[in-house]
1. Mind giving me the FRET efficiency for residue 20 and residue 49? R0 is 22 Å, r the Cβ-Cβ distance, nearest 0.05 is fine.
2. Whats the longest run of the chain with zero chymotrypsin sites (Phe, Trp or Tyr not before Pro) that are DSSP loop and have at most 14 other Cβ atoms within 10 Å?
3. Given a 1.4 Å probe and every protein chain left where it sits, what share in percent of the accessible area of the chain is carbon and sulfur?
4. For the chain, find the longest principal axis of its Cα atoms and tell me its angle to the long axis of helix 5-17, 0 to 90°, nearest 10.
5. 7 Å from Cα along Cα→Cβ at both residue 11 and residue 28: what's the point-to-point distance in nm?
6. For the chain, just the Cα atoms, rotate onto the principal axes and tell me the three extents in Å, largest first.
Amino acid sequence: MSRSASESDEAFRGLVESAVEGFFIHRDFKPLFANQACADIFGYDSPEDVLALEKVLVFWAPNE
């Protein structure tokens, strides 16, 4: 069974939005997408609060 691109996009979005891991996507540090877990991790009430930010600081901490 083959899925259309929009069905695949919808399935992917559902997985990411319901994930317990925080996800966000940015362009030049301006948030374009954030899930609820991301908002929770950084102390915001909703993903929309994260998207309203002018810029975000992106960092990576390796697992040790």
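The values are calculated or read from the model by the stated rules, or taken from the named source; none is laboratory data. Values in this document were obtained by computation on a predicted structure and should not be read as measured data. When we count neighbours, we look across all protein chains shown, and the Cβ atoms used for this are built from the backbone with ideal geometry, even at glycine. For the accessible areas, the whole protein counts, side chains as well, though only heavy atoms, and no ligand, DNA or RNA atoms are used. Shrake-Rupley method; radii C 1.70, N 1.55, O 1.52, S 1.80 Å.
1. About 0.70, to the nearest 0.05.
2. 1-28
3. Roughly 57 percent, rounded to a whole number.
4. The answer is roughly 40 degrees.
5. Distance between label points: 3.5 nm.
6. Dimensions of the chain along the principal axes of its Cα atoms: 41, 32, 24 Å.
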